[in-house]
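Inspection log for the structure reproduced underneath, given as structure tokens.
The values are calculated or read from the model by the stated rules, or taken from the named source; none is laboratory data. Remember, it's a predicted structure, so these values are computed and weren't measured experimentally. All Cβ positions, even for glycine, are placed from backbone atoms using ideal geometry, and neighbour counts span all protein chains on display.
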Amino acid sequence: MEKYDRSDRYLKQLDDGQHEIALATKDLHVSYGEKEAIHGVSLDFERFKITALIGASGSGKSTYLRSLNRMNDNISGTKVTGQIMYRGLDVNSNQIDVYEMRKHIGMVFQQPNPFAKSIYDNITFAPKRHGEHHKKVLDEMVETTLKQAGLWDQVKDDLKQSALALSGGQQQRLCIARAIAMKPDILLLDEPASVLDPISTATLEDTLLQLKENYTIIIVTHNMQQAARVSDYTAFFHLGDALEYDETRKIFTRPKIKATEDYVSGHFG
Amino acid sequence: MSPRKWDKVATTVLYMISVFIIAVLAFLLLYILISGLPHVTWHFITGRSSSFAAGGGIGIQLFNSLYLLILSMLISIPLSLGAGIYLSEYAPKNWLTDLIRNMIEILSSLPSVVVGLFGFLVFSINMKLGFSILSGALALTVFNLPLLTRKVEDSLQAVHYTQREAGYALGLSRWETVIHVVVPSALPGILTGMILGAGRVFGEAAALIYTAGQSSPPLDFTNWNPTYIASPLNPLRSAETLAVHIWKINSEGIIPDASAVSAGASAILILFVLLFNFAARYFGNKLYRHLTGARERG
């Protein structure tokens, strides 16, 4: 891989009063033990937009994403410094109730991870734990979220079926339905299409474009076509730094940084 | 020889080893059942044993075995679940927890006669429980706990970490995730461990000879008050179990039909262990289906 000058950056600032910011990080560092994986990333994410995080393997994009709702807390030896601003609060502070915060910042993972429960229970389980017990509300929630995730028509007659019996693509869409059942503000997706076939991927992308109406979405993807198709903004990560952040069409047509240009044109990755 | 041929040879050898093991097991099982079942009558199963004359039954011993099993599982299941959940989900990885794991490993390979003598010293003598069901149940707990804990921990560890992340990402606490996501997924494995543990306990003799004792007081099956001295449920009475009975009539029995009683008792013992296995497997699958909403276990 070519050596790039990592001080050569272009990060679009969105906090100019014209954009509504849903989430922002300020000088975010993440380290695993002695090794620092993210070297101070500051990005603003606009509300009701899809932001794609792209970059080669090991660029830190997933690590960065996972720190946004503090999923890295569970990996021992991980240290996160810097600020994650959400609604005027620093998510990365000790005073934050992580469990409460994660209701607002949901996540869908690379591997579909439905619970070993029925389709219905997969969606209603967490809302029930958080105190929602009206059957009518839960029934409606199941229908709405499955429709939003583009899965309703395939499973509506068999909601008691085990989620484990679904195909990979269906499981992933169920996981999205499960995540949006919590009515989060922000949805983080960590390479959600990496295990899906092209048809499931296309359905998933349609789903994301519809979800954008109500959710702020941040998606990590390896697939540059996917980033180009679904996202409004794209951040390019390289060796633990965000080197370029701009509107997606600019990133893919007129990147300002050499590393971004080489990456999106397939010179490394 | 070509790799293909090697593969054939290896397959054949492995196949023969499997057949051999199955044959040995089947032979043992059939031998015990065929030589024992002809002696099994309703009177034999329910009747009292006799000390000198022929024609004694094993009713009391069977009851003792079942009661002791239930009591020891009542003690060891909650403890092993707690310890297993702690080790798998909460314990930090450091020298102390490694030491605990090592000690559990060593404990689980302790010979049962050593456990029995330990139980005799600690529970019967020091704690003044004497030869009693409680001493026996505690000794069986010592005998069984390491294995159950290990099995619980392994079953929980086998649940993929992405399941835990799924719970956390939905704003669930660690405890909620463990109890409602991880434990249900691990339940079939945990249950298998419990069944094997129950089978071990049911067939155990050496750990009980010096703890639960080798005889039972005359029992009054009309009084079920556990504090009454002749009550079958009294945990402080001594109790000879089926396995101990088999050992005793074979080693020092003076009844003329010792071999027949021993054969019959062995057949009953085996049948009960088989029954536990099948029943628990059935209920385990049912439970799993109930918890997962799955129609078939796939």
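Against the definition (in a helix (DSSP H, G or I), over 30 Å from B:V183 (Cα atoms) and either touching a residue at least 24 places away in the same chain (Cβ under 8 Å) or not aliphatic (A, V, I, L, M) (or both)), how does B:Y15 come out, yes or no? Spelling it out, B:Y15 is indeed in a helix (DSSP H, G or I), over 30 Å from B:V183 (Cα atoms) and either touching a residue at least 24 places away in the same chain (Cβ under 8 Å) or not aliphatic (A, V, I, L, M) (or both).
Residues of the stretch B:231-248 include at least one that is in a helix (DSSP H, G or I) and free of Cβ contacts under 8 Å to residues at least 40 places away in the same chain. Please find, within the stretch A:85-110, the residue that is surrounded by the most Cβ atoms within 10 Å (Cβ to Cβ) out of those that are within 8 Å of chain B (Cβ to nearest Cβ) and basic (K, R). Applying the filter and picking the extreme gives A:R102.
Given the structure, is B:P256 in contact (Cβ under 8 Å) with a residue 40 or more places away in the chain and out of contact with any Leu (no Cβ under 9 Å at 6 or more places or on another chain)? Criteria met by B:P256.
Taking the stretch B:32-56 as the range and being touching a residue at least 24 places away in the same chain (Cβ under 8 Å) and not in a helix (DSSP H, G or I) as the test, the residues that pass are B:V40, B:S49, B:S50, B:S51, B:F52, B:A53, B:A54, B:G55, B:G56.
Could you tell me whether A:D185 is without any contact (Cβ under 8 Å) to a residue 60 or more places away in the chain and either out of contact with any Pro (no Cβ under 7 Å at 6 or more places or on another chain) or buried (at least 22 other Cβ atoms within 10 Å of the Cβ) (or both)? So A:D185 fails the test. Within the stretch A:111-158, restricting attention to residues that are among the basic types (K, R) and facing chain B (nearest Cβ under 9 Å), which residue is nearest to A:P192 (Cα to Cα)? That would be A:K117.
Condition (residue is at pLDDT 90 or above, surrounded by 11 or more Cβ atoms within 10 Å (Cβ to Cβ) and either in a loop (DSSP other than H, G, I, E, B) or in contact with a Pro (Cβ under 7 Å, 6 or more places away or on another chain) (or both)) applied to the stretch B:72-88: is it met by at least one residue? No; the residues of the stretch B:72-88 include none that is at pLDDT 90 or above, surrounded by 11 or more Cβ atoms within 10 Å (Cβ to Cβ) and either in a loop (DSSP other than H, G, I, E, B) or in contact with a Pro (Cβ under 7 Å, 6 or more places away or on another chain) (or both).
Among the numbered criteria (1) farther than 20 Å from A:M71 by Cα; (2) within 12 Å of chain B (Cβ to nearest Cβ); (3) small (G, A, S), which one does A:G169 miss? Unmet condition: (2).
Matching residues to (1) over 15 Å from B:A265 (Cβ atoms); (2) charged (D, E, K, R); (3) within 21 Å of the chain's Cα centre (by Cα):
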position	(1), (2), (3)
B:V24	yes, no, no
B:L29	yes, no, yes
B:V40	no, no, no
B:H43	no, no, no
B:G55	no, no, no
B:G59	no, no, yes
B:F63	no, no, yes
B:Y67	yes, no, yes
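Among the residues of the stretch B:89-121, those identified as hydrophobic (A, V, I, L, M, F, W, C) and either over 19 Å from B:K151 (Cα atoms) or in contact with a His (Cβ under 6 Å, 6 or more places away or on another chain) (or both) are B:W95, B:L96, B:V113, B:V114, B:V115, B:L117, B:F118, B:F120, B:L121. Within the stretch A:210-255, the set of residues being more than 20 Å from A:G60 (Cβ to Cβ), in contact (Cβ under 8 Å) with a residue 24 or more places away in the chain and not in a strand (DSSP E or B) comprises A:Q210, A:L211, A:K212, A:E213, A:N214, A:Y215, A:A228, A:R229, A:V230, A:D232, A:F252.
Residue by residue, here is whether (1) farther than 16 Å from A:E244 by Cα; (2) touching a residue at least 40 places away in the same chain (Cβ under 8 Å); (3) of a type outside the set (V, I, T) holds:
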{"position": "A:D16", "(1), (2), (3)": "yes, no, yes"}
{"position": "A:H19", "(1), (2), (3)": "yes, no, yes"}
{"position": "A:F45", "(1), (2), (3)": "no, yes, yes"}
{"position": "A:I54", "(1), (2), (3)": "no, yes, no"}
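In the set (1) touching a Leu at 6+ places or on another chain (Cβ under 7 Å); (2) within 14 Å of another protein chain (Cβ to nearest Cβ); (3) buried (at least 20 other Cβ atoms within 10 Å of the Cβ), the condition left unmet by A:L53 is number (2).
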